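Down below is the structure, laid out as structure tokens.
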Amino acid sequence: MAVPPSTYPRRLLPLFLGLFQGALLLFFALFVTYDEPSAQVEDTSLVANQVYSTFPFFQDIQVMLVVGLGLLLTFLPRYGFSALTHNFLLLNFSVQWALVLQGLLHHFHHGQIHLDLHKLLLSEFAAVTVLISVGAILGRASPCQLLVMATCEIPLYLASEWVIVTCLGVLDVGGTITIHVFSCYFGLGVSKALFRATQQPLHPKETPTTSSDLMSLVGTLILWVFWPSFVAVLCQPGDAQHRAILNTLLAMSASAITTVVASSLLDRDGKLSPGHLQNGSLAGGVAIGVVADMAVPPVAALALGSLSAVLCVLGFRFLTPLLARKLTLHDQCGIHNLHGLPGILGAAASIVAVLVAHKDTSGSHPSQLSPAGGNASEAVEGQGGSRGVGGQALCQAAGLAVAVGASLLAGLLTGSALRLPCLARPPERLCFDDLLYFKIHDQAESPGPDSSAEEGALALKEQV
């Protein structure tokens, strides 16, 4: 019996996820394994120390992404279930997809991929780009559209990161350029292509309430507490990791205080904006990532945190309305203000740090500015010591240009693909509402006695 057209979109999501998980089960059964247990005591102790030193950071990042970021997205009063659940779904989907792609590209040896905690951590970093990017279209896209967006973004991110870190040798241990800048402009490109030149009016369900803003602020506080782990986890244990934690704490403390100052000064009555607090307090963590483990003085971390908060608040106050009016650019969560502008500021700071901080080091090789582990150190070592300080500064600028340009182009192409009717983009009147995707038992919060049934019927019949 043929599936009625009205129910096809509702069966597309479980079909898509079921096929994906089934394919991954087969792939893992055939190609993925763990390393063989070591028989030598020295090797066993080394592996244990690596796990015990990494896993606490890994847990912190899990709390950030699942709880902190999920709650941050609940500022839409009638979209809380969807924001939390879709964030959780995209994280798990993207991590598994990144594990497969990274395994095939970098870790496929003798027909096997050996899985460890470090590879899983790198896959979580890839998943972060998706969780940030979807903020631009939050509430106006269907789950199928979000999953297709994640499917496209993960390989594009991996390619971009390979060019920026491996080919150009950019120093970016905290992912300011590779993660925050890339995901921001990818999301904006998707938004521009998906909604094209149509002006998106203020939706009646879009205005936050006191309770939704409070939940979102709780998410901000959770992210603020655990952010140093996100920045420092890939640093080499020791001085570099210690310095990254301290710099991140200083930058985020300064951004929290400066956000209050800037938000109050911009209001005629001196009152604070919840949206400014929810985002500006985190801006320092975005900006500091690229220089967190460099030999920069503490005052530089404070200054960078303050400047990033000012940029974020000014972006919400002036730039977002300007872009919406002049470019018809829709940015639901303000990812340009939290990730784009502070990310560009951090990249500029890294250029200055590379040019200035080398005067205080014993050698001239730029790798001494960032003794980080993971991506950054591998990229620098790959240059063979032939790159001067000026060349490293140019590479930092080139990395930023690649991140912005590649992500915008990739986002525009992905957004065009998301316009396919089969992906069931919700009608405008049904955006920002959990009733489209969830069974809500508490009908007291519904706007009217017949609204649930009416909107449910519309959801089945209308396709855009």
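Count of the stretch 262-276 residues, restricted to those that are open to solvent by 80 Å² or more (accessible area, probe 1.4 Å) and under 14 Å from Leu307 (Cβ atoms), is 0. Yes or no: Asn247 over 17 Å from Ala353 (Cβ atoms), assigned to a helix (DSSP H, G or I) and open to solvent by less than 20 Å² (accessible area, probe 1.4 Å)? In short, no. Of everything in the stretch 277-298 that is buried (at least 24 other Cβ atoms within 10 Å of the Cβ) and free of Cβ contacts under 8 Å to residues at least 60 places away in the same chain, the residue that is nearest to Thr220 (Cα to Cα) is Asn279. If you go through the stretch 385-425 and pick out every residue that is among the aliphatic types (A, V, I, L, M), open to solvent by less than 60 Å² (accessible area, probe 1.4 Å) and more than 19 Å from Leu138 (Cβ to Cβ), you end up with 10. Based on what the data block shows, is Val290 under 17 Å from Pro342 (Cβ atoms) and at pLDDT below 95? Answer is no for this residue.
Yes or no: the stretch 107-128 includes at least one residue that is among the aliphatic types (A, V, I, L, M), closer than 24 Å to Leu188 by Cα and not in a helix (DSSP H, G or I). The answer is no, given that none of the residues of the stretch 107-128 is among the aliphatic types (A, V, I, L, M), closer than 24 Å to Leu188 by Cα and not in a helix (DSSP H, G or I). Taken over the stretch 299-335, residues that are open to solvent by 60 Å² or more (accessible area, probe 1.4 Å), assigned to a helix (DSSP H, G or I) and of a type in the set (A, V, I, L, M) amount to 6. Does the stretch 199-211 include one or more residues that are in contact with a His (Cβ under 6 Å, 6 or more places away or on another chain), assigned to a helix (DSSP H, G or I) and touching a residue at least 40 places away in the same chain (Cβ under 8 Å)? No: zero hits. The conditions of being open to solvent by less than 10 Å² (accessible area, probe 1.4 Å), modelled with pLDDT of 95 or more and not aromatic (Phe, Trp, Tyr) are not met by Ala159. Restricting Pro37, Pro56 to residues that are outside any helix (DSSP H, G or I) and either modelled with pLDDT of 95 or more or open to solvent by 50 Å² or more (accessible area, probe 1.4 Å) (or both) narrows the list to Pro37.
Scan the stretch 158-195 for residues that are under 30 Å from Pro426 (Cβ atoms) and among the charged types (D, E, K, R) and report the count. Result for the stretch 158-195: 1.
Taking Leu272 as the residue in question, decide whether it is among the hydrophobic types (A, V, I, L, M, F, W, C), more than 30 Å from Gly415 (Cβ to Cβ) and assigned to a loop (DSSP other than H, G, I, E, B). Spelling it out, Leu272 is indeed among the hydrophobic types (A, V, I, L, M, F, W, C), more than 30 Å from Gly415 (Cβ to Cβ) and assigned to a loop (DSSP other than H, G, I, E, B). The set of residues from the stretch 157-180 being part of a loop (DSSP other than H, G, I, E, B) and under 17 Å from Trp227 (Cβ atoms) comprises Asp172, Val173, Gly174, Gly175.
Within the stretch 299-327, no residue that is among the acidic types (Asp, Glu) sits with its Cβ atom under 8 Å from a residue that is surrounded by fewer than 20 Cβ atoms within 10 Å (Cβ to Cβ) at 6+ positions apart or across chains. Taking the stretch 380-431, which residues are among the basic types (Lys, Arg), at pLDDT below 90 and not in a helix (DSSP H, G or I)? Selection gives Arg387, Arg425. Would you pick out the residues in the stretch 162-215 that are among the polar types (S, T, N, Q), under 19 Å from the mean Cα position of the chain (by Cα) and over 21 Å from Ala150 (Cβ atoms)? The answer is Thr176, and nothing else.
Just one of the listed residues (Thr210, Thr166, Thr220) is within 23 Å of Ala83 (Cβ to Cβ) and open to solvent by 50 Å² or more (accessible area, probe 1.4 Å), namely Thr210.
In the stretch 87-111, the residue that is surrounded by the fewest Cβ atoms within 10 Å (Cβ to Cβ) out of those that are over 19 Å from Gly22 (Cα atoms) and touching a residue at least 60 places away in the same chain (Cβ under 8 Å) is Gly111.
The values are calculated or read from the model by the stated rules, or taken from the named source; none is laboratory data. Because the structure is predicted, anything quoted here is derived from the model rather than measured. Methodologically, a virtual Cβ is constructed for each residue, glycine included, from the backbone with ideal geometry; neighbour enumeration extends over all protein chains shown. To get the accessible areas, we keep the full protein, side chains included, count just its heavy atoms, and leave off ligands, DNA and RNA. Shrake-Rupley method; radii C 1.70, N 1.55, O 1.52, S 1.80 Å.
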